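What follows is a single structure, written as structure tokens, with notes after it.
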Amino acid sequence: MSIVELRQYTLHPGARETLIELFEREFVIGQQSVGITVGGRFRDLDDPDRFVWLRAFPDMTRRRRSLEAFYTGPVWREHRDAANATMIDSDDVLLLRGPGFTPEPGTREVVATVCHPSDPAAFDSYAARHLGPGHAPHRTEHAENDYPLLPVRTGEDVRVWFGPSESPPWPTRRLRLEPVTTQPRAFTNGSANGSPQTCPVTGRRPLADPGSGRVGGW
């Protein structure tokens, strides 16, 4: 199993397609060149200002090395200002262990489920009945984040999977996602706002999350 990041970005209104075009043109190959496996990239179908994507690493040591290489490398240095200009918050990140996930070509919509089970043993029983390898199940990786310039969510134990499933009896969030290889659909709701200081390494600005008390990183 790999170390996987599930990253959910809140963007300035109307900026998502700008980020997607830049991401597909520069950041996929740029990350692959330093050993990062870039997984699915998605538009959130229920929020036109949200971009969701995954990336994977063989282990925590190589995660740190690859992130250091990318965020101090030429691709990010050249394009970080343009990328950061689209973002309000890029700190909503789940650090997971699992197989990673990329949708099959031609997939129009994917449902991602983020579940907070209160009883891990009971969840394992649920998963044995309702989830298979095709759901690409992931669970929280509790190892310390050793690249703190990019924060991850802490203090929670989640399970994540992809595709339709029986609703579990625990708090759950379902994300309706559209792979970025398809044309965007029309949206009728959703808005975002935010503010930004700049890190000399990544160019990101620190953000506070008043709901959780967590201070974001770069």
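Please treat every number below as a calculation from the coordinates, not as lab data. Just so we're clear, the structure is a prediction, and the values are computed from it rather than from any experiment. Here the Cβ positions follow ideal geometry from the backbone for every residue, glycine too, while neighbour counts run over all protein chains shown.
Which of rounded, prolate, oblate describes the range 31-92, given a ≥ b ≥ c as roots of the alpha-carbon gyration tensor eigenvalues and a/c under 1.5 marking rounded, otherwise prolate only if a/b is larger than b/c?
On the way: a/c = 2.36, a/b = 1.38, b/c = 1.70.
Oblate shape, in that a/c is at least 1.5 and b/c is the bigger or equal ratio.
Label zone of GLU104 (point 7 Å out along Cα→Cβ, amide N under 13 Å): in the range 119-140 this covers 134-135.
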